[in-house]
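Read the structure below first, then the notes.
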Amino acid sequence: MSWKRTADAVVIGGGMMGMATAYYLKRIGVNDVVLVEENTPASGSTGRCAASFRAQWGGALNITLGKACIDRFEHLAEHLDINLDIQLYQNGYLLVAYTESQFEQFKKNVELQNSMGVPSKLLNHAEALEICPGIEIGDAVGFSYYKRDGHADPMITNFAYYEAARRIGVRVEKFTKATGFKVGFGHVKGVVTNKGEVDTDIVVNAAGPWAGRVGALAGLNIPVKGERHELMATEPVDFGVCPTMLMSFEPDYYIFQRPHGSILAGCGPSRYRAEAAPFDDYALGASWNFMEHMAGHVNKLIPRARELRVVRQWSGMYDITPDLQPVIGESDELKGFWVNVSGARGFMFGPVAGEMVAEKIVNGHTSLPIDEFHWRRYAEGRFLVEPSVA
Ligand SMILES: Cc1cc2nc3c(=O)[nH]c(=O)nc-3n(C[C@H](O)[C@H](O)[C@H](O)COP(=O)(O)OP(=O)(O)OC[C@H]3O[C@@H](n4cnc5c(N)ncnc54)[C@H](O)[C@@H]3O)c2cc1C
């Protein structure tokens, strides 16, 4: 197809955040929307993630968005008018507190969640074992649980947005890398790519972990970098070995079973990073340190999983921001240049953050609050506090 040199809006990045943004821009009323993706949709963090979602956050903004995302995932096929099964599985997150202070925080979180229409609850050991039989959690102090939290398939969900976007007329340019920007009088004027230039007054940088690098092409300091995180998957076994998402923030782990039977387990890099490739060079790869460390958690928590073989191990990039919160909004320095970065929760927040950014661009206001996520907060010395992250 021949290259078209103009667009009403250009979105950079074909992961969940970018694909959803492009879809909603078009759906809400922007006529000519182009998405440029250096590789293929879902080839970045999205296709490598655990694809879990939750409303069990400790901050009001995150609870609001988390809840909205669950509503969206539960009805995604109708919402997108597309016949795709995203393999949604909802049997809750069972959050584990190992200290009194963690459990005190859970109590505050649950109170706030309940006040915002999320009927999560605190559980004792017996109740936790009813949800997830056979786990060894004798050393835990307490638990919180919300049954609508869950997980889905990241590739299919990203593809659902890709297909829906294409059907309503978004032009998706694969293998197209943004290499620079045209600017003039403090406003973005176009995107330069390896395939050619596109003149436009609106750019959305949804390049996830690479958003800082993409911003730098326009001379902007977007505070986002990549941090490598690993996951492992076991051979499939009968469903029920770990029917809920078992998660702790300290120690940091998450373990769950996909409907096809594999148990997936992951954790942050700080505890095992020693042998790994440098964390600032965006190198992917899998480390023995992770495997040893993560297998230790699985073996301890789920005795029935001890004999299982690990069949796959991989890594992906978290899109890390200074306070581990989203970075969303229009640049104060370069008008028309928008950023939509999730702060390492882009699978779950993508559908709603994409819609909110599109609403803001088209209507100037949003139906859910996202203004707090603007990155000018860092220059103003404000960090957002979210107690429920590792
Ligand atoms: C192991 C792991 C587990 C995770 N688990 C979860 C989870 O359970 N739930 C959750 O919500 N999140 C999870 N995350 C985080 C989640 O994966 C990311 O926050 C999310 O995928 C970010 O989506 P995105 O669309 O912003 O970025 P990406 O999916 O990375 O998409 C960005 C795209 O931009 C493209 N790009 C980059 N530079 C350019 C350029 N110059 N020109 C054109 N295209 C470019 C890239 O090729 C890429 O495809 C996890 C991440 C990892 C690594």
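Do you know which residues across region 164-185 are within 16 Å of the ligand (Cβ to nearest atom) and out of contact with any strand residue (DSSP E or B) (no Cβ under 7 Å at 6 or more places or on another chain)?
Those that are within 16 Å of the ligand (Cβ to nearest atom) and out of contact with any strand residue (DSSP E or B) (no Cβ under 7 Å at 6 or more places or on another chain): A164, K174, F175.
Return the total of residues in region 9-46 being assigned to a loop (DSSP other than H, G, I, E, B) and over 18 Å from T176 (Cα atoms).
3
Report yes if S45 is within 16 Å of the ligand (Cβ to nearest atom), touching a residue at least 40 places away in the same chain (Cβ under 8 Å) and either more than 17 Å from M247 (Cα to Cα) or surrounded by fewer than 20 Cβ atoms within 10 Å (Cβ to Cβ) (or both), otherwise no.
It is true that S45 is within 16 Å of the ligand (Cβ to nearest atom), touching a residue at least 40 places away in the same chain (Cβ under 8 Å) and either more than 17 Å from M247 (Cα to Cα) or surrounded by fewer than 20 Cβ atoms within 10 Å (Cβ to Cβ) (or both).
Could you tell me whether any residue of region 280-296 is farther than 21 Å from H229 by Cα, assigned to a loop (DSSP other than H, G, I, E, B) and without any contact (Cβ under 8 Å) to a residue 24 or more places away in the chain?
For region 280-296, residues farther than 21 Å from H229 by Cα, assigned to a loop (DSSP other than H, G, I, E, B) and without any contact (Cβ under 8 Å) to a residue 24 or more places away in the chain: absent.
Considering only residues that are small (G, A, S) and under 30 Å from Q325 (Cβ atoms), which ones fall in region 170-210? Spell out the reasoning first.
Of the residues in region 170-210, the ones small (G, A, S) are 178, 180, 184, 186, 190, 196, 206-208.
Across region 170-210, the qualifying residues are A178, G180, G186, A206, A207, G208.
Looking for whichever is assigned by TED's automatic domain parsing to the domain that holds T40 and in contact (Cβ under 8 Å) with a residue 40 or more places away in the chain here; the options are G180, G186. Which one fits? Break it down into steps so the answer makes sense when it comes.
Values: G180 fails: in contact (Cβ under 8 Å) with a residue 40 or more places away in the chain.
Residue meeting the stated conditions: G186.
Quick check on this structure: which one of F349, F373 is closer than 13 Å to G329 by Cβ, within 15 Å of the ligand (Cβ to nearest atom), touching a residue at least 40 places away in the same chain (Cβ under 8 Å) and not β-branched (V, I, T)?
Selected residue: F373, the only one of F349, F373 that is closer than 13 Å to G329 by Cβ, within 15 Å of the ligand (Cβ to nearest atom), touching a residue at least 40 places away in the same chain (Cβ under 8 Å) and not β-branched (V, I, T).
Does any residue of region 91-98 turn out to be closer than 30 Å to R228 by Cβ, more than 16 Å from the ligand (Cβ to nearest atom), outside any loop (DSSP other than H, G, I, E, B) and of a type outside the set (V, I, T)?
Pass one, region 91-98, residues closer than 30 Å to R228 by Cβ: 91-98.
Within this subset, residues satisfying the condition of being more than 16 Å from the ligand (Cβ to nearest atom) are 96-98.
Filter once more, so that each one left must be outside any loop (DSSP other than H, G, I, E, B): 96-97.
Checking which are of a type outside the set (V, I, T) leaves us with 97.
Yes.
The values are calculated or read from the model by the stated rules, or taken from the named source; none is laboratory data. All figures in this text were calculated on a predicted structure; none of them were measured in a lab. Here Cβ is always computed from backbone atoms with ideal geometry, including for glycine, and neighbour counts include all displayed protein chains.
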